[in-house]
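A short worksheet on the structure shown next.
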Amino acid sequence: MKLGVFLSEYRTDTGIIERLSPEKLGIILVGNGVYHAAIKEKGQPSPVLNLKADFYVLKEDLETRGLNTSNLDSRVKPVNYGDVVDLIFNEYEKLIWM
């Protein structure tokens with residue numbers, strides 16, 4: 001199964017996501033979840049970015065929080081609302097919101 005996860009909170013616990021076992025995992029960072037893409041704690045990136053997944057961040061939510069694409073970790077692809085719709089309909093069979 002191809003699973004898309006909308007991550008809207010900035011929590012560094014990855015236990016729930018690690019228990020998922022899709023053949024393809026995509027993590028779409030929205031809301032306060034965008035901090036995973038741009039903020040480092042003690043010089044280290046978010047543990048979420050260590051998961052085996054494709055990462056996307058919603059640019060509009062990033063900019064709302066005063067960040068921009070130059071702040072992003074290199075593993076994260078910036079997307080707009082249209083791109084998210086394409087991901088939903090073309091890349092992932094199931095979606096969950098966390």
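The values are calculated or read from the model by the stated rules, or taken from the named source; none is laboratory data. Everything numeric in this text was worked out from a predicted model, so none of it was measured. Glycine also receives a Cβ, built like all others from the backbone with ideal geometry; neighbour counts cover every protein chain displayed.
Some notes on this structure:
- Test: residue in the stretch 17-33 that is crowded, with 17+ Cβ neighbours inside 10 Å and modelled with pLDDT under 95: yes
- Single residue of the stretch 32-72 satisfying the filter (assigned to a loop (DSSP other than H, G, I, E, B) and in contact with a strand residue (DSSP E or B) (Cβ under 8 Å, 6 or more places away or on another chain)) that is farthest from MET98 (Cα to Cα): LEU72
- Filtered residues of the stretch 14-31 (kept if outside any strand (DSSP E or B) and either of a type outside the set (Asp, Glu) or touching a residue at least 24 places away in the same chain (Cβ under 8 Å) (or both)): THR14, GLY15, ILE16, ILE17, GLU18, ARG19, LEU20, SER21, PRO22, VAL30, GLY31
- Criterion violated by TYR56 - all others in (1) of a type outside the set (S, T, N, Q); (2) farther than 24 Å from MET1 by Cβ; (3) surrounded by 17 or more Cβ atoms within 10 Å (Cβ to Cβ) satisfied: (2)
- ASP61 being at pLDDT 95 or above, more than 27 Å from MET1 (Cα to Cα) and surrounded by 12 or more Cβ atoms within 10 Å (Cβ to Cβ): yes
- Only one entry in TYR35, TYR56 is closer than 21 Å to GLU91 by Cβ, without any contact (Cβ under 8 Å) to a residue 60 or more places away in the chain and of a type outside the set (A, V, I, L, M, F, W, C), namely TYR56.
- Once the stretch 73-91 is narrowed to residues that are under 14 Å from the mean Cα position of the chain (by Cα) and not in a helix (DSSP H, G or I), the residue that is surrounded by the most Cβ atoms within 10 Å (Cβ to Cβ) is VAL76.
- Scanning the stretch 1-16 for residues that are surrounded by 19 or more Cβ atoms within 10 Å (Cβ to Cβ) and either small (Gly, Ala, Ser) or modelled with pLDDT under 95 (or both) yields a single hit, GLY4.
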